[in-house]
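One structure below.
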Amino acid sequence: MKVFFISDIVGKPGRKAVKALLPKLLESEGVELILANGENAAGGFGITPQVAHELVENGIDIITSGNHIWDRKEIADFLEKEDFLLRPANYPEGAPGKGSGIFKTKTGESVGVINLAGRTYMGNFECPFRAALQAIEKIKKSTPLMIVDFHAEATSEKAALGWFLDGQVSAVIGTHTHVQTADERILPLGTAFITDAGMSGSLDSVIGIEKEIAIQRFLTQTPKKFEPAKRNLHLQGVIVDIDEKTGNSHSIVRVDYSVE
């Protein structure tokens, strides 16, 4: 079973890349479930109900998020109503929405998806390692197929979680830094891992933002309004091939497609 994870979608340019490229990928790759991190899909910061529905209409089945999930105030009520949009499971108790769920593929297989946020340079989250175990304990009663989106800053924290969950989940996919890493692999006990799946948006940018604006912020150390860059659009992510019976992964392949 092939699962396609689309990396962090940045603003309207990232959504444009999804709309332009996803139908071709579905036809050529034969994926059965499509996930995407969408926490920056609305203007580069946060996600709105309208944008979430747009992504689903363009073929995405499940949307994960991270520390920017609350940037749009209208999303809290939406998280309570819609199961396809997840927020990190290790937010404190009482936060709106869900951090994990079980979803059906196009062929009827059940797949668990767990969304987690890192703590290093990120915020006051609960322990992602313990939160992962709690979610796994519930999901494994229904399916051995599990995908983790670990939205974290530190590569060491991502690597540690990958090793910690090796053999317990099908894949641990890192997000948040918007730079695709070249360390995709299958860990010894069968878990697919990559430190960061990259970004969907403009590569002529500073992690998706207009480079001139970002440079000025670094030069002057003064606040600047960020705007998503619009040129040289790419769709990045990974395709993971999973054994339906065991939940172990056969392969993980990076993808990076450009909008012509």
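At a glance:
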| item | result |
| --- | --- |
| Within a Gaussian network of the chain (alpha carbon springs, distance under 10 Å), most fluctuating of GLU227, GLU29, GLU157 | GLU29 |
| Extended-chain gain in nm, criterion 0.36 nm per residue less alpha-carbon gap, ILE102 and TRP163 | 19.7 nm |
| Estimated dipole of the chain in Debye, rounded to 20 [Cβ of Lys and Arg +1, of Asp and Glu -1, Cα centre] | 300 |
| Normalised contact order of the chain, rounded percent, pairs of Cα under 8 Å and 6 or more residues apart | 20 |
| Total formal charge among the other residues, if their Cβ is under 15 angstrom from that of LEU161, Lys/Arg +1 and Asp/Glu -1 | -3 |
| Inter-label distance for GLU29 and SER142, nm, one decimal - labels placed 7 Å from Cα along Cα-to-Cβ | 2.4 |
| Helix-derived mean residue ellipticity, 222 nm - over the chain, DSSP H n ≥ 4, -39500 (n - 2.57), to 500 | -8000 deg cm²/dmol |
| Entry for mean projected area of the Cα convex hull in nm² (calculated from the structure that is shown) out of [x] 21.9; [y] 14.9; [z] 12.9 | [z] |
| Cα-centred dipole magnitude for segment 204-246, charges only on beta-carbon of K, R (+1) and D, E (-1), debye, nearest 20 | 380 |
| Full-stretch length increase - ARG185, ASN232 - with 0.36 nm per residue and alpha-carbon distance subtracted | 14.1 nm |
| Helix runs (DSSP H) in the chain reaching 20 Å along axis by Cα, Kyte-Doolittle at least -0.5 | 11-29 |
| Per residue accessible area of segment 1-108, 1.4 Å probe, in Å² | 41 |
| Computed E for ARG130/ASP243 - FRET, C-beta separation, R0 25 angstrom, nearest 0.05 | 0.40 |
| Where labels lie 7 Å past Cα in the beta-carbon direction, separation of SER110 and LYS81 in nm | 2.8 |
| Relative contact order of segment 164-260, defined on C-alpha pairs under 8 angstrom at six or more residues apart (%) | 27 |
| Cross-link pairs beyond the 31 Å C-alpha cut-off, checked among LYS16/LYS211; LYS106/LYS211; LYS16/LYS81; LYS2/LYS211; LYS12/LYS98 | LYS106/LYS211; LYS2/LYS211 |
| Cα lying deepest toward the dipole's positive end in segment 7-101, options PRO96, PRO23, PRO13, charges on Cβ | PRO13 |
| Fluctuation leader among GLN134, GLN168, GLN180 - the chain, Gaussian network, Cα springs under 10 angstrom | GLN134 |
| Efficiency of FRET between ARG217 and ASN58 - r from beta-carbon atoms, R0 45 angstrom, step 0.05 | 0.90 |
| Fluctuation leader among GLY46, GLY30, GLY97 - the chain, Gaussian network, Cα springs under 10 angstrom | GLY30 |
| In segment 138-217, the trypsin sites (Lys or Arg not before Pro) that fall in loop regions by DSSP, at most 13 other Cβ within 10 Å | LYS141 |
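The values are calculated or read from the model by the stated rules, or taken from the named source; none is laboratory data. Note that the coordinates shown come from a computational prediction; the quantities given were computed from them, not determined experimentally. Cβ atoms come from the backbone with ideal geometry, glycine included; neighbour counts cover every protein chain shown. The protein model used for the area step is the full one, side chains on, heavy atoms only, and it has no ligands, DNA or RNA in it. Shrake-Rupley method; radii C 1.70, N 1.55, O 1.52, S 1.80 Å.
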